[in-house]
1. With (1) within 13 Å of another protein chain (Cβ to nearest Cβ); (2) modelled with pLDDT of 95 or more as the list, and residue B:353 as the residue in question, which single condition is left unmet?
2. Say whether the condition of being closer than 12 Å to residue A:209 by Cα, part of a loop (DSSP other than H, G, I, E, B) and at pLDDT below 90 is met by at least one residue in the stretch A:136-158.
3. Report the residue count in the stretch B:460-481 for those that are open to solvent by 70 Å² or more (accessible area, probe 1.4 Å) and not in a helix (DSSP H, G or I).
4. Give me a count of the residues in the stretch A:364-402 that are within 25 Å of the chain's Cα centre (by Cα), open to solvent by 30 Å² or more (accessible area, probe 1.4 Å) and within 10 Å of chain B (Cβ to nearest Cβ).
5. Filter the stretch A:61-93 for residues that are among the charged types (D, E, K, R) and at pLDDT below 95 and give the result.
6. Suppose we filter A:41, A:32, A:97, A:26 for residues that are open to solvent by less than 20 Å² (accessible area, probe 1.4 Å) and more than 21 Å from residue B:12 (Cβ to Cβ); which single one remains?
7. Going by what's in this entry, would residue B:437 be described as surrounded by fewer than 19 Cβ atoms within 10 Å (Cβ to Cβ) and either more than 7 Å from every other protein chain (Cβ to nearest Cβ) or of a type in the set (Phe, Trp, Tyr) (or both)?
8. Return only the number of the condition from (1) open to solvent by 40 Å² or more (accessible area, probe 1.4 Å); (2) within 22 Å of residue A:601 (Cβ to Cβ) that residue A:442 does not satisfy.
Protein chains: 2
Amino acid sequence: MSQGCRWPAVLTIAGSDSGGGAGIQADLKTFAAHGCYGTSAITALTAQNTIGVQDVFPTPSEFLGKQITSILSDIDIKAIKTGMLFDAANTRAAIAALEDHYSNSDSNASNDSKSNVAIPTPTLPPLVCDPVCVSTSGHTLLDPDAISVIVEELFPLAVLVTPNKAEAELILNLSSSPQRQSRRDAPTLPRRIETLNDMLLAAQDLLSLGSKAVLLKGGHLVVLSEDVHRISEKHPSLLIVRDGILPDGGNMEILQANTNSAGVQLVVDVLCQTVENDDSDDSRQKPGPRMTLFCRPRIDSTNTHGTGCTLSSAVAAGLALGADVSTAVRRAVRYTYLGIIAADPTIGHGHGPLNHFHSMGELVVPRPTPTTPYPLTTLLIHRAGDAWKAYVEHEFVRLLGRGTLPRENFVHFIRQDYLYLKYYARAYALLSAKSTTFPSISRATQTVLNVLQEINTHKAFCASFGISEDELEQTPESAATAAYGGYLVDVGMRGDTTLLLIALLACLLGYGEVGLWLKKNVKKNKSGDTGERGWVIMDETDNPYVQWIEDYAGERYQAAVKAGLELIETRAASDPPSRARFEEWFAVWKRCTELEKGFWDMAMGLS
Amino acid sequence: MSQGCRWPAVLTIAGSDSGGGAGIQADLKTFAAHGCYGTSAITALTAQNTIGVQDVFPTPSEFLGKQITSILSDIDIKAIKTGMLFDAANTRAAIAALEDHYSNSDSNASNDSKSNVAIPTPTLPPLVCDPVCVSTSGHTLLDPDAISVIVEELFPLAVLVTPNKAEAELILNLSSSPQRQSRRDAPTLPRRIETLNDMLLAAQDLLSLGSKAVLLKGGHLVVLSEDVHRISEKHPSLLIVRDGILPDGGNMEILQANTNSAGVQLVVDVLCQTVENDDSDDSRQKPGPRMTLFCRPRIDSTNTHGTGCTLSSAVAAGLALGADVSTAVRRAVRYTYLGIIAADPTIGHGHGPLNHFHSMGELVVPRPTPTTPYPLTTLLIHRAGDAWKAYVEHEFVRLLGRGTLPRENFVHFIRQDYLYLKYYARAYALLSAKSTTFPSISRATQTVLNVLQEINTHKAFCASFGISEDELEQTPESAATAAYGGYLVDVGMRGDTTLLLIALLACLLGYGEVGLWLKKNVKKNKSGDTGERGWVIMDETDNPYVQWIEDYAGERYQAAVKAGLELIETRAASDPPSRARFEEWFAVWKRCTELEKGFWDMAMGLS
């Protein structure tokens, strides 16, 4: 049941946004949208909505540590993201709790003196640090003292830090890295990031502060497409990733919206990564950082509340799923971009939230469970309401079970069923013709052979009722037979193989159910029980139709039913239908169920 | 873009579970899985995991109120759920914040004396109260004093309260409702709920405490299927809803797992609802409560942490989406049941969480955006890597654009293209034959007519090169032509209409792109610009193929391309493919792209 249902766990250490668009709420939504299991340690509560932050209540440091310890001591965390840490004390408490669990020293192992067995210490999973300082609405979300703690103690633990323009400026102006001092003469002016070139320089300076990589977010800078063009010519080693923009090339006139043209406003995020020295290569030169620009068209939207939280969480989720930093960032940038575009603009009166679930859709057919092993078929029967019952518990079936069905009705039915089986066999032949694998060609062909076997019983019945094979062959086709047979061939002609399998299932399953039901009642009667609903059921010596019941209740037919059910259910599970496609399946199912009922109506009316 | 992306907002007032399986975390996940936007006011932080609650830190009452006020003052909340309220002070603070916003008095309106306009006071949306008292692990989550506040002040506001067995016992033993006193003689024994009958009585007593309905959850009671049978015979007015159990009836032998047999253990939840007196009906008798039993097979799972939170949140989400209480409960019970079954058993070492996203699947094709109006086609081209470029920027195309393509290659191409167009027309005729609506029959037929028009230009080209119509007709078919044509007819025969449309799109779109691209370069050349990539492009007086370029760059052909693109994109949006189905589409797309390249290879090689 739970096969394939593994949800890698991710931890966010951040504030709570009551409004649900940012903070741990955005993080948890983002994790879920990536198929990750979200856990959260709350650094502070906020009374917040889309308009702004009305108030903040910090979590006591000790309690922040306790939350982190509870999570880490029980759940195998695959990636960690830190967001708003509020103040220096909470930042230190978070770091202490992480270091306590993921101690890099050998102390844990050697402490275990009694057993003398080295207990492996878990290593810190990839950590993404979003150095949240100020909210979009201007509310200070971080005590200034905390910034140096984040830079000095948290950055070195992080595989990625994700500042925006304001945060980057704040961090670079507070920290005075030796690189910067040597590059520019003192006194340094307050650092400002205004151009794409400023971003490249700032990202490199931020990288020198100790993290493995820096993603400097450009949402607050307007960059033109020609700026990107210019800088990529100047720095040929720059990687340019365009999103919402088709690959470069002249031949994209129709699909390509005009996003490569000059003057188009872009948002550009800059990823700056340290490149590990390859030990096998003894080149003396230390390689410079690898720089990637993620470009996308700027979109006009006020649904940007929680964008930063969402982006860093999406990166963490990507890392938990096994992606490398560059791939995780590329996907996260795209995920966040689509979240803004797909947002519901009616939530709140200020900067509304993203749509975190833009890439998830409804699963119409539930997964199988121990008590519902055939969920698609069960759903089809449920949805069809009384139609299924009207078919499989038809008056014809009841009379046949009792043995009181007039012979002429049975004969009429058998002769029409003989004609129907021609369509049925042809529909399976069509299924075979539409199949693209040998197993599916074989399965369909085998069913054609089964039908050719089944008609022998029809011939035998007719012979026992004094109807020659020639008379059987010359039977005029009833409208009910033509309607049903034609429908099968029509569905087989116009749809895919799954649709045809559904059309064929109503007959296959229905006769199987009828066979078993009647047989159970015959058995009950023989063992002295009363049949269901007080039926008086004759045993085989009295019921002239026992052979018919035995055929459909028999092992051979029942095995075919089971195989057919499993085939269609496997299809639905491996290729889950959309709501629209399910409705198409259902329409075919219901029609076939009704045509089956119509077939027995015809048999009863001798029409 | 955001059409259909409305997310009704829901508020949870509850505790935070750091482990992510219960509390506001479970609530937010549940809301999201229902397509609702989650907001949350946190009553207390817990340091908690799947093993237990290690510590609790309550939110100051004042700050709880602030969170609720921030949310309600900005976001239009469609349903509210309360979970763990921690103590009497926080319970009162929550109620006060709600009553402050949703005042039922006219004071708000009359206060607005200046404008003298009555401001409508918002009415309280449906409120579901989950009276969380004790955690599964035995940790007390509610101060006993709070229970009476919840019962006396919160229950009357609730459309539904959802206690489990232990909570129901606690509430009934603490409260001494007049009904109970009159029913049983004092002194009353401590109330215990051990049987299904106890549940029915307890649910009615709980209903008398003031909520509109009570859902008494039976997860901690073992009920046998015969118990349900017995009680439904005794109380014929009871509604029985079976989940994971097919409708009653004899004829369900194959699909029906043995869940109706005697001895099968069930979980039964009891819904007890007040029935509004119908004013138009002056019957003097007050109707009794309506009772519904929700039955499902008991499943053996330790993934039950947060079940109660999830259930009540799912009800709140259902109410926000417009369902009535009974429908919302039925869906919520089913949602929670599937969540337990689909859970990932590897999360944590104790009682693990549910899978809240069991009924959501991946949306492979993103929604259209302003810069990516054709997301399916864009994705197909991206995924095919260089295959698309190898087709639309083929050497043949470049030479044709320059006017330097040898005449014999062009003639060979035109003659084979003439033969190809037979298949192409037949494929559209097949599409027409497979269509079930007049607009789609008309569209496909119109394209056949367009192709019949297109062959006239082929005849004209051939005539201008001295090839008679008869010679053209007798052209031997190249392998590349047969391979491509046969593939189109094969896909058309075996797949559905969408698959055929995708097969046809590679040719339709590719020739459109080629036409526009070449025309742009011809124009550039004429206006004195250099063509792209330094081409020397002749104008029409020098380029013998200008007419060919004009045909495909022309308005008529381009309109057909646009219509084709829009049709397939609309299909993908209204019937989003599963990953498996998309892969099938992609395989066809890539093959056709390669066959197009092969076609031009053939033209270059005169093969």
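The values are calculated or read from the model by the stated rules, or taken from the named source; none is laboratory data. None of these values were measured; they are calculated from a predicted model. Here the Cβ positions follow ideal geometry from the backbone for every residue, glycine too, while neighbour counts run over all protein chains shown. Each accessible area value is taken on the protein alone, full model and side chains, heavy atoms only, with ligands, DNA and RNA left out. Shrake-Rupley method; radii C 1.70, N 1.55, O 1.52, S 1.80 Å.
1. Status for residue B:353: all satisfied but (2).
2. no
3. 3
4. So the count comes out to 4.
5. Matches in the stretch A:61-93: A:87 only.
6. A:97
7. Yes.
8. Against the list (1) open to solvent by 40 Å² or more (accessible area, probe 1.4 Å); (2) within 22 Å of residue A:601 (Cβ to Cβ), residue A:442 comes up short only on (2).
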